Every structure is written in structure tokens, then in C-alpha cells.
Amino acid sequence: MKKQPKNKLAQQIIAACKAAKIKHVVISPGSRNAPLTIGFSQHPYFETLSVVDERSAGFVALGIAQQTHNAVALVCTSGSALLNYHPAVAEAFYSHIPLVVISADRPKKWIDQGEGQTIRQENVLANHTVFNLNLAENLSNSHLLNEALASGKIKQAPIHINAPFDEPLYEMEPLTINEELATNTDFEVSEQPLEVAVLEPYAEKWNVSKRKMVLVGVNQPNELLQIQLNHLAKDPSVLVLTETTSNVYHSDFINNIDQLITPFTKAEFEAFQPEILITLGGMLISKRIKQFLRSYKPQEHWHISPFDNAPNTFECLSKHFKLSSDLFFSQFFFLITPTASDYQKQFLQLKIKRKLKHKALVAQMPFSDFLAYDLLLKNLPKHTMLQVANSSAIRYTQLFDLDNSLTVFCNRGTSGIDGSSSTAVGASLFSEKQTVLLTGDISFFYDSNAFWNANIKSNFRVILMNNSGGGIFRYISGPSSTNELEQFFETKHKRDAHYFAKQYGFDYHKATNATELKAIFATFFEASENSKILEIQTPRTVNDVVLKHYFKNLS
């Protein structure tokens with residue numbers, strides 16, 4: 001027989017989540033959250049997952065929400081457990097991913113009274129949530145719960161619900177589905193088109209401008225947006241720039257921004273400067289494009305997003321169109337016409353030259369991070385979901401052409417390395433595609449608890465680039481002292497993943513040169529009984545030399 005907690009507050013929370021159509025719940029073990037754990041796990045509506053480490057659990061939930069496009073609930077016990085959610089909550093906040101954090105707490109009278117596992121939990125996540133609800137025992141909280149859950153869904157952002165539970169915690173009773181505990185929360189999000197009169201002045205500016213740039217950041221795969229951008233690229237005065245995480249592809253887009261602009265002369269920078277810039281999607285990876293647009297500001301910068309805040313990344317934002325890019329372009333196309341210009345042609349011709357130079361440089365490279373990324377990205381199976389860690393991994397990926405069947409994700413909200421593996425694990429659980437995590441050694445070992453998870457699929461693959469430290473610090477502007485670099489920035493180490501793989505039941509492969517790597521790729525992505533890790537060992541002191549040589553000789 002299914003059970004439910006006797007605790008009425010827990011019953012209210014569970015009923016509200018069901019009414020809000022929150023299907024997936026990630027629970028971290030504990031005692032104070034027992035009423036919620038019992039309630040969610042016993043209820044037939046919910047799908048629950050146990051993840052021990054709360055920091056990892058937060059990112060696992062984020063990965064699930066990323067793929068299901070629905071809010072995911074997180075449940076933890078009282079005390080410091082809640083604080084471990086904060087990195088994932090911050091990432092979700094800046095990536096516009098809805099998470100519902102539900103923390104169990106001690107009754108208010110025990111806060112700061114020497115009670116174990118007790119901290120000041122109320123509003124502790126307030127800087128990175130859009131609603132903070134501190135519930136009270138023995139009261140009807142249904143209206144407040146519905147308001148909080150609606151806020152998270154409408155704003156596509158995390159919320160925090162703090163719930164105090166007094167003992168006894170484990171009392172149960174037969175499950176009864178009491179729909180009266182939560183009111184109907186039918187709060188579907190719909191957007192309204194703009195008035196034509198609002199768009200007309202901007203269309204007039206667009207139609208007389210000869211240099212227009214569209215820059216696409218982090219974006220979910222979107223077939224309609226792909227069609228719209230393809231249409232936009234037919235205008236010779238429009239140049240579309242995409243990043244690896246934009247998930248849009250076209251031969252007439254600039255898809256390797258740093259490859260194109262790093263060798264620019266002053267005259268080329270001036271010619272590249274747009275009169276109008278449209279940005280859409282999330283955070284940008286390319287530091288060079290941000291530096292360029294801050295130095296060579298467009299006359300107009302329009303940002304398109306349905307969210308309240310528009311980032312003034314280039315310090316020249318002139319208009320925020322507060323709606324989805326799909327709806328914006330659907331309206332805008334009726335008001336604009338192509339403009340005669342050589343803007344697009346000039347830089348697409350330069351793109352071709354860069355591609356040829358790139359190919360020639362790669363052909364002469366010694367084994368290194370760069371060459372390993374080249375071989376890997378050429379060998380990824382079609383229709384793979386690629387989850388990329390931050391730091392070097394995502395930056396290298398930006399330099400290569402990817403097959404247009406791939407979908408690419410990266411935690412760019414805060415750009416941290418702390419949850420890349422956990423996010424990939426969570427995403428893999430709710431994707432029909434094979435998931436490949438592409439990560440560096442520091443990211444991998446930092447988030448190793450991601451793999452302390454009994455639910456990892458057998459088709460999950462990890463590609464670990466191990467250059468024995470934080471290699472990115474060798475080619476960005478940083479410390480000049482070798483001792484300081486290796487000890488405090490690069491964090492040089494001698495770890496490998498062999499015993500780690502054995503501990504967590506992964507098949508393990510290792511490559512130290514191009515020949516070994518090509519041989520492993522022949523079977524690595526095939527179906528298997530276990531998940532697999534491929535560790536690629538590259539020379540720590542060669543990688544930065546290769547990369548610097550590459551950028552120096554692109555022109």
C-alpha cells in the first residue's frame with residue numbers, strides 16, 4: 001500500500017507541486033526532510049531520483065530541466081545541505097532554467113539555539129531566486145505555494161520554499177489524493193505580439209543600414225529560429241555570428257568567431273563594425289567578440305529575449321524587445337527588405353581563407369589538446385548530445401566545425417566548472433540521444449560526485465582531456481612567476497581516472513597519442529554494457545605553445 005506523510009505541511013507542498021505539473025523530483029537523503037521524501041517517493045504522479053551530494057544534485061536537476069523544459073524540484077534536509085544547492089541555483093538563475101528548491105528546516109524557535117543541523121535558512125538563496133517562501137506549520141499555505149510556483153514558471157527561474165518540520169518526522173498514513181490541498185494552478189505562459197507601430201521605426205533603420213550583425217549566444221535547438229536565421233542570411237547586408245552553444249548551423253554563418261577576428265587588422269575591425277547589432281540567446285563564450293563590440297560599438301544594439309532583464313554587455317544597449325526571438329522575427333520580416341551591401345560577402349570570403357589556413361595548421365600540429373579536440377569532434381557520432389565543461393573545453397570547441405545534427409550544451413550562466421559533469425548526467429537521463437561529456441581534468445575531478453549515481457545510462461560517454469592541470473592559465477594573461485602559476489593557478493597534478501573508472505563501474509580507455517586515439521574512436525561510441533571514460537593525456541607544457549602558434553599564423 002502506498003503511504004503519505006501525516007504531516008499536513010508536507011502534504012500541502014506535494015499537492016501544490018502536482019497541481020503545478022512538476023513531475024521530476026531530485027532528493028538528497030536526510031532526516032528532517034523525511035516527510036517530503038516519503039510523500040514524493042510514494043506518490044504515483046512523481047518520478048524521484050536520489051542523489052547524495054546536494055551540490056551535485058542541484059546540477060543533476062538543472063540538467064533534467066534543461067532537457068525536459070519543465071521545472072524540477074530539489075528536496076534536502078536542514079542545515080548546510082541547503083547551501084550546497086547555491087551554485088546550481090545561480091547557474092539556473094542566469095540560464096533561465098526553473099528549479100524549485102524545497103528545504104526542510106527546524107521550527108523557528110530552534111534557530112540559533114544550539115540545535116544540530118540548524119542554520120538561518122530563510123531567504124538564504126534570495127540573490128539568485130525570484131520567489132522566496134518561508135512556510136509556517138499548522139497553517140494553510142496553498143495560496144502562497146501556488147504563487148511561488150507560478151512565479152518560477154512564468155519567469156523561468158529558480159524559487160526557494162523553506163518548510164519547518166517538527167518531530168515526529170516519519171509518521172505515515174495510507175495515501176489519499178486530496179486535490180483540495182492545492183488550488184488549480186493553470187498558469188500557462190503566453191506572449192503577445194508587439195504593435196506594428198512599435199516595430200516600424202526600427203524596421204526603417206534596418207532597411208537603410210548596410211552593415212547589420214546578428215549574434216546568437218546560448219540557445220536551445222529551435223527549428224523555427226533556424227529557418228528564420230537562414231532567411232535573414234539571404235540579405236547581403238546581414239552577417240550572422242553563432243557560437244557552439246547556439247545550436248544553429250548554416251554555411252553562410254560565421255560559426256568560429258575567434259578564428260575569424262583574432263588576426264584582424266585595424267582596417268578589418270573597422271569594416272567589421274556593425275551599424276546595427278541584434279543579440280539573442282544567453283551568455284556569450286567569445287571574449288574577443290565582447291572586446292571588439294565594446295571598442296567598436298554599433299550605433300544601435302537591440303536585444304531580443306522574453307525575460308525582464310537585458311544584459312548591456314557592450315555598454316550600448318538601445319532597445320530590449322521583450323519577447324521570444326521566434327515571435328520577433330515572425331513580425332519583423334513583414335517590415336524589412338534586403339539591402340545592397342558587400343558586408344556579408346567580404347567576411348564570408350575571409351572565413352573561407354581562415355578555414356583553409358586552419359586545415360593547414362592542424363595538419364602540421366604535434367599531439368596536443370588542439371589536435372585531440374580536432375580528432376574528437378570529427379569522430380562524434382551524428383545526433384549526439386554534447387555536454388561541454390567550462391574553461392578550456394568549451395573554448396577549444398568554438399574553433400571547430402561541428403556536424404549540424406549535434407546538440408551542444410554548456411553551463412554558461414555563471415561559466416563555472418563546478419557542475420558540468422552533474423548537469424551532463426542529469427541531461428542524459430531525459431534524452432533519447434547518446435550523451436557525450438567533454439571535460440577537462442580539473443572540471444572532472446572537481447565534480448566527481450556526479451558519477452555517484454546509480455542511474456547513469458550505459459550509453460553515457462566521458463571524454464576527459466587530462467593535461468595535468470588548469471592549462472587555460474598558460475595562455476591567458478596571468479601570473480608571470482612559474483612557481484606561482486603551477487602552484488596556485490594551474491594546480492599541477494599527476495592524477496588519472498583509471499581507478500576512478502573502476503570504482504564507479506565505467507569501462508576505461510586511455511590515449512597518449514593520435515594513433516591510439518584514432519584506434520579507440522573506432523569502437524568507443526558503440527553500444528556497451530557499461531558507461532565509458534576515455535582519458536586523453538596531453539603534454540602540459542606543449543598545449544599553450546600550439547594554441548598561441550595557431551592564432552599567430554591564422555592570417
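The values are calculated or read from the model by the stated rules, or taken from the named source; none is laboratory data. Only a predicted model underlies this, so the values are computations on that prediction, with no experimental measurement involved. Glycine gets a Cβ as well: all are built from the backbone with ideal geometry, and neighbour counts include every protein chain shown.
Of the residues in the stretch 321-328, at least one is among the hydroxyl-bearing types (Ser, Thr, Tyr), assigned by TED's automatic domain parsing to the domain that holds GLU223 and surrounded by 15 or more Cβ atoms within 10 Å (Cβ to Cβ).
Residues checked against (1) touching a residue at least 40 places away in the same chain (Cβ under 8 Å); (2) aliphatic (A, V, I, L, M):
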| position | (1), (2) |
| --- | --- |
| PHE370 | yes, no |
| LEU377 | no, yes |
| MET385 | yes, yes |
| ALA389 | yes, yes |
| GLN398 | yes, no |
| ASN404 | yes, no |
| GLY416 | yes, no |
| THR435 | yes, no |
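Note on the stretch 279-303: residues that are within 19 Å of the chain's Cα centre (by Cα) and either under 19 Å from GLN220 (Cβ atoms) or surrounded by fewer than 17 Cβ atoms within 10 Å (Cβ to Cβ) (or both) total 8. Scanning the stretch 394-437 for residues that are touching a Cys at 6+ places or on another chain (Cβ under 8 Å) and more than 23 Å from HIS24 (Cα to Cα) yields a single hit, ILE394. For the stretch 72-187, the strands (runs of 3 or more DSSP E) that sit wholly inside it and include 1 or more residues that are over 28 Å from the mean Cα position of the chain (by Cα) are 99-105, 132-134, 159-164, 172-174.
Would you say LEU241 is closer than 25 Å to ASP342 by Cβ, in contact with a helix residue (DSSP H, G or I) (Cβ under 8 Å, 6 or more places away or on another chain), modelled with pLDDT of 95 or more and buried (at least 20 other Cβ atoms within 10 Å of the Cβ)?
Judged against the criteria, LEU241 is a match.
Taking the criterion of being surrounded by fewer than 19 Cβ atoms within 10 Å (Cβ to Cβ) and in contact with a helix residue (DSSP H, G or I) (Cβ under 7 Å, 6 or more places away or on another chain), the residues of the stretch 367-392 that qualify are LEU375, ASN379.
Exactly one of (1) part of a helix (DSSP H, G or I); (2) modelled with pLDDT of 95 or more; (3) crowded, with 21+ Cβ neighbours inside 10 Å is unmet by ARG395. Its number? If we test ARG395 against (1) part of a helix (DSSP H, G or I); (2) modelled with pLDDT of 95 or more; (3) crowded, with 21+ Cβ neighbours inside 10 Å, just (3) comes out false. For the stretch 425-515, no strands (runs of 3 or more DSSP E) sit wholly inside it while including 3 or more residues that are within 25 Å of the chain's Cα centre (by Cα) and modelled with pLDDT under 95.
Filter the stretch 526-539 down to residues that are surrounded by 18 or more Cβ atoms within 10 Å (Cβ to Cβ) and part of a loop (DSSP other than H, G, I, E, B) and give me whichever is modelled with the highest pLDDT. Among them, the one singled out is SER531. Exactly one residue among VAL218, VAL248 is in a loop (DSSP other than H, G, I, E, B) and either out of contact with any Phe, Trp or Tyr (no Cβ under 9 Å at 6 or more places or on another chain) or without any contact (Cβ under 8 Å) to a residue 40 or more places away in the chain (or both), and that residue is VAL248.
Tell me, yes or no, whether the stretch 288-298 has at least one residue that is of a type in the set (S, T, N, Q) and in a loop (DSSP other than H, G, I, E, B). Looking for residues that are of a type in the set (S, T, N, Q) and in a loop (DSSP other than H, G, I, E, B), one finds none in the stretch 288-298, hence no. Is it the case that LYS155 is outside the structural domain of ASP447 (by TED's automatic domain parsing), in contact (Cβ under 8 Å) with a residue 40 or more places away in the chain and out of contact with any strand residue (DSSP E or B) (no Cβ under 6 Å at 6 or more places or on another chain)? Judged against the criteria, LYS155 is a match. Selection within the stretch 162-185: residues that are surrounded by fewer than 19 Cβ atoms within 10 Å (Cβ to Cβ) and of a type in the set (A, V, I, L, M). The member of this set that is modelled with the lowest pLDDT is ILE177.
Note on the stretch 71-106: residues that are without any contact (Cβ under 8 Å) to a residue 60 or more places away in the chain and within 24 Å of PRO311 (Cα to Cα) total 1.
Does TYR94 satisfy the criteria of being of a type in the set (Ser, Thr, Tyr), out of contact with any Lys or Arg (no Cβ under 7 Å at 6 or more places or on another chain), closer than 30 Å to LYS433 by Cα and surrounded by fewer than 24 Cβ atoms within 10 Å (Cβ to Cβ)? Yes, satisfied.
Beta carbons closer than 9 Å, at least 6 apart along the sequence or on distinct chains, pair a first residue in the stretch 187-205 that is under 17 Å from HIS301 (Cβ atoms) and of a type in the set (A, V, I, L, M, F, W, C) with a second that is at pLDDT 95 or above and part of a helix (DSSP H, G or I) for LEU199/PHE328; LEU199/GLN331; LEU199/PHE332; ALA203/PHE332.
Say we look at the stretch 329-341 and pick out the residues that are among the hydrophobic types (A, V, I, L, M, F, W, C) and closer than 15 Å to LYS205 by Cβ; which of these is surrounded by the fewest Cβ atoms within 10 Å (Cβ to Cβ)? Here the residue is LEU335.
The listed residues are ASN222, ASN207, and the only one of them that is closer than 15 Å to ASP326 by Cα and at pLDDT 95 or above turns out to be ASN222.
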